[in-house]
Amino acid sequence: MKLQIDDTFVKELPSDPEERNFPRQVAEACYSFVKPTKTKNPQLLHISKDMAKKLGFTEEDTQSQAFLNVVTGNELLPNTTPYAMCYGGHQFGHWAGQLGDGRAINLAEIIKDDKRWQLQLKGSGATPYSRTADGLAVLRSSVREYLCSEAMYHLGVPTTRALSLSLSGEEVLRDVLYNGNPAYEKGAIVARVAPTFLRFGSFEIFAARQDKKSLKTLVDYTIKHFYSEIEQETKAGYIAFFRSVSEKTLNMIIHWQRVGFVHGVMNTDNMSILGLTIDYGPYGWLEGYDKRWTPNTTDAEHKRYQFGKQSNIGLWNLLKLANALYPLIEDADPLEEVLNDYKTQYAGKYLGMMKAKVGLELNDDSDLKLIQQLEDNLRRTETDMTIFFRLLSNVSKGLEVPEKDDVSFLADVKEAFYQPEELKGEALFFWKDWFGLYLNRLHKETDTDEERKLKMDKINPKYVLRNYMAQVAIDALDSGDKSVLNELFSVLKNPYDEQSGNEKWFVKRPEWARTKVGCSMLSCSS
Ligand code: AMP
Ligand code: MG
């Protein structure tokens, strides 16, 4: 394996002098050296060939024993010193103190085609940041991270990537619903990749500990390597850095809203400093268009991280990052200005994105109302988000909305309704009203039906990783069958394409999945 390795994180940032592996508080350091725990009987389940190539692994490399050994923690890449990163975070609104890579171990930084990638194993054993937990991951959560992060990439959503999914060969004890029923599950390891896995919490930990020196070192490092367009080591540069993180975060959340993704645990330790979707845990995809929905059962009561509030939470998290950066800037006004801009930009960007989803490009005073009315309708009649927007591109400008109680005008989108029999009376009235406004509005646009459809189908995916789909892959893998994993991985590579033969994945969630654990209800247990 000929990889170009350049470990700047360990070369340029302060390390924990303690090299023994036991849980502890680690001060004045960005990371602790720690090696992955060897696994007895590892087995590769899947490789993302695209990612392997991007890192510089050849086809031959990925088929070698050495590759399996590296991605399951049994062999180190030459001349590397693996480490776990130290970070803190606000969890569910409260400062949680030191967290850190409790079950992630960074192997190395790889350079390929002028791009830097940090390669990390998730689930390969305890680190100094594991607290009382085991540092392991189970198959269920690993399949979910593996499939979803690659699916998000192909959807055009900023995200960390995945290189491989493996079984560790060990059994791991988990209490899925936290109700006193622990059971053994298959252990697994995801090798995942990002330019850097630094999070908001990586900066917060130093501010919380009033360690301005380490804070500055880390911010300077981040700007140098990942925000190289920004001036280094000046207050103006630090403000520009915060502005850029804010813009990237907003951009990411708009993409989430576009494809119907709910992260589920937007704690500040799960917010990438590069505005990437990171740490796939109890995430979910909207099926019925319900902005209050969250898949995370741990958050079922307050719904802090519900779909429709993700942008507000993004802002709240940025405020925590602003507080962390404050010691380097010592002026609140420019930071507040960035946060205010986030708010105003969000409203405009959200409207622009939703308009694009329905195929509108020009500006009209009625646009905001049109989108709000659509969202009300989608909620009022349980409507599948993905199917509705995908099918909407088939509607022709020439469609006519009948006067009488006739639902035939909904023919193009009718597959999206969970209870089509509810489309009568008031519900039907609202849909007639909306389609009337929408068709009027379409007449003001210049695109032909064909042109509009082409554009809409590039931003309204046909295939997303519905909550139950991952579960079907997991259940199959549990009994040794990789076929669903392979199939989903390949379908989700081309989410905007019509794929003959794969229509079965373009259907509403089956009723059995409505309340099944793992499909609509997920916990943080992983
Ligand atoms: P998460 O909810 O996955 O973002 O994790 C929150 C924190 O808990 C992070 O510091 C993780 O490293 C840590 N953590 C989660 N699961 C485990 C585990 N099984 N072993 C050790 N640390 C864990
Ligand atoms: Mg996390």
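Figures for the structure shown
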| read-out | value |
| --- | --- |
| The chain: relative contact order as a whole-number percent, Cα under 8 Å and 6+ apart | 14 percent |
| Simple Cβ-charge dipole of the chain, Lys/Arg +1 and Asp/Glu -1, about Cα centre, in debye nearest 20 | 720 debye |
| Nearby aspartates and glutamates by direct alpha-carbon distance to LYS369 (threshold 15 angstrom, same-chain neighbours under 8 apart not counted) | ASP433 |
| For segment 288-404: rounded, prolate or oblate by the Cα gyration tensor [a/c cutoff 1.5] | oblate |
| Computed [θ] at 222 nm, helices only, for the chain once each DSSP H run of length n ≥ 4 contributes -39500 (n - 2.57) | -12500 deg cm²/dmol |
| Amide H within-cut-off set for ALA188, under 5 Å, with H built and near neighbours excluded | ALA137, VAL138, LEU139, SER168 |
| Of all DSSP beta bridges in the chain, antiparallel share, percent nearest 5 | 90 percent |
| Average accessible area per residue (Å²) across the chain - probe 1.4 Å, nucleic acids and ligands excluded | 41 Å² |
| Pairs beyond 18 Å (Cα-Cα), from LYS404/LYS453; LYS458/LYS482; LYS122/LYS213; LYS53/LYS115 | LYS404/LYS453; LYS458/LYS482; LYS122/LYS213 |
| Within segment 1-65: Cβ-based charge dipole about Cα centre, in debye rounded to nearest 20 (Lys, Arg +1; Asp, Glu -1) | 320 debye |
| Dipole axis of segment 201-357 (+1 Lys, Arg; -1 Asp, Glu on Cβ), positive-most option in TYR280, VAL245, TRP316 | TYR280 |
| Furthest towards positive pole of dipole, VAL484, VAL517, ASN74, structure part the chain, Cβ charges | ASN74 |
| Cross-link pairs beyond the 27 Å C-alpha cut-off, checked among LYS248/LYS508; LYS186/LYS508; LYS216/LYS248 | LYS248/LYS508; LYS186/LYS508 |
| Cross-link reach list, aspartates and glutamates versus LYS40, counting only Cα pairs under 17 Å and skipping chain neighbours closer than eight places | GLU75, ASP134, GLU170, GLU171, GLU185 |
| Solvent-accessible area, 1.4 Å probe, carbon plus sulfur percent, for the chain | 51 percent |
| Dipole magnitude of segment 201-357, debye to nearest 20 (Cβ charges: Lys/Arg +1, Asp/Glu -1, about Cα centre) | 440 debye |
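The values are calculated or read from the model by the stated rules, or taken from the named source; none is laboratory data. Quantities reported herein were computed from a predicted structural model and do not represent experimental measurements. Note that we place each Cβ from the backbone using ideal geometry, even for glycine, and neighbour counts take in every protein chain shown. Accessible surface areas use protein heavy atoms only, side chains included; no ligands, DNA or RNA. Shrake-Rupley method; radii C 1.70, N 1.55, O 1.52, S 1.80 Å.
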